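Following this message is one structure expressed as structure tokens.
The values are calculated or read from the model by the stated rules, or taken from the named source; none is laboratory data. Everything numeric here is computed off the predicted structure, so don't read it as measured data. All Cβ positions, even for glycine, are placed from backbone atoms using ideal geometry, and neighbour counts span all protein chains on display.
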Amino acid sequence: MPLQLHEDIFPTLYQIALDVLPVQASAVPSERVFSASKETDTDRRSNIDVELFEMLQVLKYALHEERL
């Protein structure tokens, strides 16, 4: 039964399901993120702020996936 059918009957449970169900069950993608972040967070770049660090990570991912 599609999840949307229960949206009106159980609105809170529906919202929780939307948050929980898309979560990946594997730890491999998160390990790749940490490995990639080690390349960005070097001694020479230790003073960059969080926003710039996040932008660099997103750009690296986009380039890797050829989305730019």
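Could you please tell me which pairs satisfy a Cβ distance under 9 Å, a separation of 6+ or placement on different chains, a first residue in segment 9-32 that is farther than 24 Å from Val58 by Cβ and outside any helix (DSSP H, G or I), and a second residue that is at pLDDT below 85 and basic (Lys, Arg)?
none
Output yes when any residue across segment 34-50 is touching a helix residue (DSSP H, G or I) at 6+ places or on another chain (Cβ under 7 Å), modelled with pLDDT of 80 or more and not small (Gly, Ala, Ser), and no when none is.
No, that holds for no residue.
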